[in-house]
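Taking it in order: structure first as structure tokens, then the write-up.
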Amino acid sequence: MTKRVLMKGNEVIAEAAVRAGCRHYFGYPITPQTEIMHYMARRMPEVSGTILQAESEVAAINMVYGAAAAGARVMTTSSSPGISLKQEGFSYIAGAELPAVVVNIVRTGPGLGGILPAQGDYFQATKGGGHGDYRNIVLAPASIQELYELTVEAFNLADKYRNLVMILGDGTLGQMMEPVAFRDEESIETVAKDWAVSGRQGRKEHNEITSIYINPDIMEALNNKLQAKYREIEKNEVRVEVLQCEDAEIVITAFGIASRICRNVIRQARAEGIKVGMIRPITLWPFPSKTISAVASIESVSSFLTVELNAGQMVEDVRLAVNGSKPVEFYGRMGGNLPSQKEILEKIRTMAGK
Amino acid sequence: MEKVFSRTEGLLDKPMHYCPGCTHGIIHRLIAEAMCELDILEETIGVSPVGCTYNNYEYFACDMVQASHGRAPAVGTGIKRVHPERMVFTYQGDGDLAAIGTAEIVHAAARGEKISTFFVNNAIYGMTSGQMAPTTLIGQKTTTSPFGRDPQVQGYPINVSEMIATLEGAVYVERVSVSSFKDIKNAAKAIRKAFRVQQAGLGFSMVEILSTCPTNWGIDPVGAIEWLEENMKKKYPLGVFRGKDLEV
Amino acid sequence: MTMTDFSIILAGFGGQGILSAGRIVATAALLDNHEVSWFPSYGPEMRGGTANCGVVISDSIIGSPVINDIDVLIALNNPSLEKFSRQVKPGGVVIVDSTLVTSVPEREDIKFFPIPASELANQDGNMNFAVVYLLGCLSAASECISQEKFEEALKDVLPARHHHLIPAELEVFARGKTYANVK
């Protein structure tokens, strides 16, 4: 393995993007993710790339739209209120089927909210936000190493499916330092982009990138095509970590930073004789419903506990997957507060009747 | 029979959807001819707006991208930064550019983004059926100013070219019209110049083109030309606001 | 030594080198082949003049980088001591810069090491040394950072133009260690 270096999550995202062949970055400053832009401002010139501080998040996502249409590997990053502004662009990117990578280092809301870590953007990330029937692939890393690997993967997935891929992190992941080992060379899966606009240059037909279809049958056909693509992604791209569920009595479901806190809880609970396991969705969309459903059918499993930094969002998808076969409880904190191990453990003791 | 006139190669062989008497068709042709004359048709990427010309990507023979409302200069920026050696233009109306997209056009110009914007000002929203535009004249009746635009209620029209010309990054800004043969010749010249400014890498270039909307003005095509001449040219005088002495 | 989620909080004012000191501790632990995480206070909290960071060192995957129960607290001002001393585990360690921290933790179940770090650094003519005295003390009080790894970490973290300061820093670190013997 290559040398492990200590790096901040936000910087790792930027470095990973550059390593993945991203040469165009458009952004607008917002805490707690601005270090990505700081890093890019120094790093991009080294690889003759473009970093542009846009006049707004709205402009930034439309620059991404243009650069993606032009065939580039492109990224923008922001945090919750900024992501809300970019939602219009996400919908157009979906309609025009453009590959793009977006990072949301989530902070608390609603409104201007606060700048501390939260997971309150789960609904927005996985169920739209913008208008129309579309899906973004949503990746939820839980460590800095994984943040690196998933950022690289995000670019491959975006190109493969001509789809927006979002990294859903949070203030903790963005701000913390942890060791990361970069590979000597990235596996960049290049895809021919013969649909991109680059000037005809001898091409017989001109290329058009658009998301508007006034004819209802053509519009429906596009929607059917998109839905077929989404089914394909659901079939191929679910990523999930299953931890100690074989003998579990209580199964935690948690993603990102919440899952890390729960890791310690599992250790403590098992030391007390309560058998706890965990399902950690790495892709929030496509959601690992089948895995959850399969674990729900294990006889020893008596109940589920979803832990999130919000008022209960992913828990709805967990309940759909469990489909009433076992009770699903929820524990969450908001406002930038993280649930403590003690609090979660207390909840588990109650659930276990201890 | 001898063929004395051909469609420009810059436009695809497709009937346009514009209303009778609308001047978008003329403006499309001027841009297309300019691309052919400068031999940049295969080098150019155009950006379509939201408005009556939302689908002009179906007409121009160069590569085209459709943008969301007002964001064409941002989309154009993204394209140009990926392909700095290519030519990029945006085609935008007065609602797209001067209302919802004010921030994008101002900042693209301020950055000196090496793109060319063709800004069609017909003092009204056409696509959505005749609402007031930022460039609607005082007293002009629209579906959202049915008693005439009253500055006390709806504020004043914006002189976009004069505003953009204050920005250092905007190296060439001219207002033209397509309401007479002479004006059309001048407009063609301005469009070519905008492209040449971009080709020379000098900065942002914009041509504002005064245009008619007989349908939503409620005037017949000939009357619309007269209305433009009499009213619009007073508020929006033709001329070069930046880059008068620029030789390209 | 083996460690399971050994947690250190460094807290004080902005500009005292707290975030960098935390980074040096974390780097030293990484160079010692431990798992490690470093998490700072950020945003308006930072702009308000206070700064803190938490370092977790472990030999298995680290659960949360956010610390609830503290093994070692290094406090460089009174509010920090007040804010964090209650979270120190029984048997845990509190190290303070006693030049700046005038209060004493109201707890009998912890080890308390006051060092006049700022005063000593002032005498040395380099205020950046204050935090190094505290790290030296940390080394002796908890064994989570050795002098050898501290040196390696300095080389790793400091820009080359500051490497000439390393011998002096090592000397200060060694002197800091002696304060862990004082009750």
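What follows is calculated from the coordinates using simple rules that are stated; it is not laboratory data. Everything quoted here is computed from the prediction, not taken from an experiment. Positions of Cβ are generated from backbone atoms using ideal geometry, with glycine treated the same way; all protein chains shown enter the neighbour counts.
Loop only by DSSP, 13 or fewer other Cβ within 10 Å of the Cβ. Give me the GluC sites (Glu not before Pro) in the stretch B:1-96 that pass, ordered by residue number.
Loop-located and lightly packed - B:Glu2, B:Glu9, B:Glu85.
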Under a straight-distance cross-link criterion of Cα-Cα below 18 Å, which lysines are reachable from A:Lys229, leaving out those fewer than 8 residues away in the same chain?
A:Lys127, A:Lys160, A:Lys193
A:Ser325 neighbourhood, Cβ < 12 Å, K/R = +1, D/E = -1, net charge +1
Dipole in debye (nearest 20) - the stretch B:24-242, about Cα centre, beta carbon charges: Lys, Arg +1; Asp, Glu -1:
380
Let me spell out the model: positive unit charges on the Cβ of Lys and Arg, negative unit charges on the Cβ of Asp and Glu, origin at the Cα centre of the stretch B:44-96. What dipole size does that give, in debye rounded to 20?
220
Counting Lys +1, Arg +1, Asp -1, Glu -1, what net charge surrounds B:Cys52 among other residues with beta carbon under 14 Å of its beta carbon?
-3
For A:Ser303, what residues show an amide H to amide H distance below 5 Å, using hydrogens built from the backbone and excluding near sequence neighbours?
A:Val251
Counting other Cβ atoms within 10 Å, which GluC sites (Glu not before Pro) in the stretch B:151-248 have at most 15 and lie in a DSSP loop?
B:Glu168, B:Glu247
If one compares the long axis through the Cα atoms of helix A:341-351 with the longest principal axis of the Cα atoms of chain A, the angle in degrees, nearest 10, works out at 60
Note on the stretch A:241-351: alpha-carbon gyration tensor, axes a ≥ b ≥ c; rule is a/c under 1.5 for rounded, else prolate if a/b larger than b/c, else oblate; result oblate
Per DSSP, the loop-located chymotrypsin sites (Phe, Trp or Tyr not before Pro) within the stretch B:80-160 having at most 10 other beta carbons within 10 Å are B:Phe147
Taking a label point 7 Å from the Cα of A:Glu246 along the Cα→Cβ vector, which residues of the stretch A:260-285 have an amide N closer than 15 Å to it?
A:276-278
What does the charge count around B:Gly10 come to, taking other residues whose C-beta lies under 13 Å from its C-beta (Lys +1, Arg +1, Asp -1, Glu -1)?
-3
As a test of the definition: which semi-axes, in Å, follow for the stretch B:24-242 when you take the square root of five times each eigenvalue of its alpha carbon gyration tensor? Largest first, please.
27, 18, 16
Long-range amide H partners of B:Phe60 with built H, under 5 Å
B:Leu12
Determine the percent antiparallel among the DSSP beta bridges restricted to chain B, to the nearest 5.
15
In nm, to one decimal, how far is the A:Ser293 label point from the A:Ile218 one, both placed 7 Å along Cα→Cβ?
3.7
Under a GNM of chain B (C-alpha, springs under 10 Å), which listed residue has the highest mean-square fluctuation: B:Gly169, B:Gly95, B:Gly76?
B:Gly169
Per residue and in cubic angstrom, what volume does the convex hull of the Cα atoms of the protein assembly as shown have?
201
Full-extension gain between B:Ala200 and B:Leu38, please, as 0.36 nm times their residue separation minus the C-alpha to C-alpha distance.
57.1 nm
Within a 10 angstrom radius of the beta carbon, how do A:Met177, B:Met163, B:Met206 rank from fewest other beta carbons to most?
B:Met163, A:Met177, B:Met206
How high is the FRET efficiency between A:Thr2 and C:Arg86 when r is their beta carbon distance and R₀ equals 41 Å, given to the nearest 0.05?
0.45
The stretch A:259-320 and the stretch A:1-33 have their Cα centres apart by a whole-number Å value of 29
Sort the stretch C:67-183 into rounded, prolate or oblate with this rule: let a ≥ b ≥ c be the square roots of the eigenvalues of the Cα gyration tensor; rounded if a/c is under 1.5, and if a/c is not under 1.5, prolate when a/b is larger than b/c, oblate otherwise.
prolate
Contact order normalised by residue count of chain A, Cα under 8 Å, 6+ apart, percent:
17
Quick calc, the stretch A:241-351, dipole around Cα centre from Cβ unit charges on Lys, Arg (+) and Asp, Glu (-), nearest 20 debye, gives 240
Gaussian network model of chain C, Cα springs within a sub-10 Å range: biggest mean-square fluctuation belongs to which of C:Lys83, C:Lys111, C:Lys149?
C:Lys83
Difference of contour (0.36 nm per residue) and Cα-Cα distance, B:Val248 to B:Glu58
65.4 nm
What do you get for the angle between helix A:9-19 and the principal long axis of chain A? Use alpha-carbon atoms, 0 to 90 degrees, nearest ten.
40
Helix-only [θ] at 222 nm, chain A, -39500 (n - 2.57) per DSSP H run of 4+, per residue, nearest 500, equals -12500 deg cm²/dmol
Residues whose modelled amide H sits under 5 Å from the amide H of B:Val47, counting only those 5 or more places away in sequence or on another chain, are B:Val65, B:Phe89, B:Thr90, B:Tyr91
Once both labels are modelled 7 Å past Cα along the beta-carbon direction, what's the C:Glu106-A:Asp133 spacing in nm?
6.5
Chain A: angle of helix A:216-236 to the longest principal axis, Cα-based, in degrees nearest 10:
50
Once you have the Cα-Cα distance between B:Thr128 and B:Val222, take 0.36 nm times their residue separation minus that, and quote the gain in nm to one decimal.
31.5 nm
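Rounded, prolate or oblate: which fits the stretch B:143-248, taking a ≥ b ≥ c as square roots of the Cα gyration tensor eigenvalues, rounded meaning a/c under 1.5, else prolate when a/b beats b/c?
Judged from the Cα gyration tensor, the stretch B:143-248 comes out oblate (a/c at least 1.5, b/c at or above a/b).
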Looking at chain B as a GNM with Cα springs under 10 Å, which of B:Ala34, B:Ala109, B:Ala99 has the largest mean-square fluctuation?
B:Ala99
With the crude spin-label approximation of a point 7 Å out along Cα→Cβ, what separation in nm comes out for A:Ala192 versus A:Arg270?
5.0
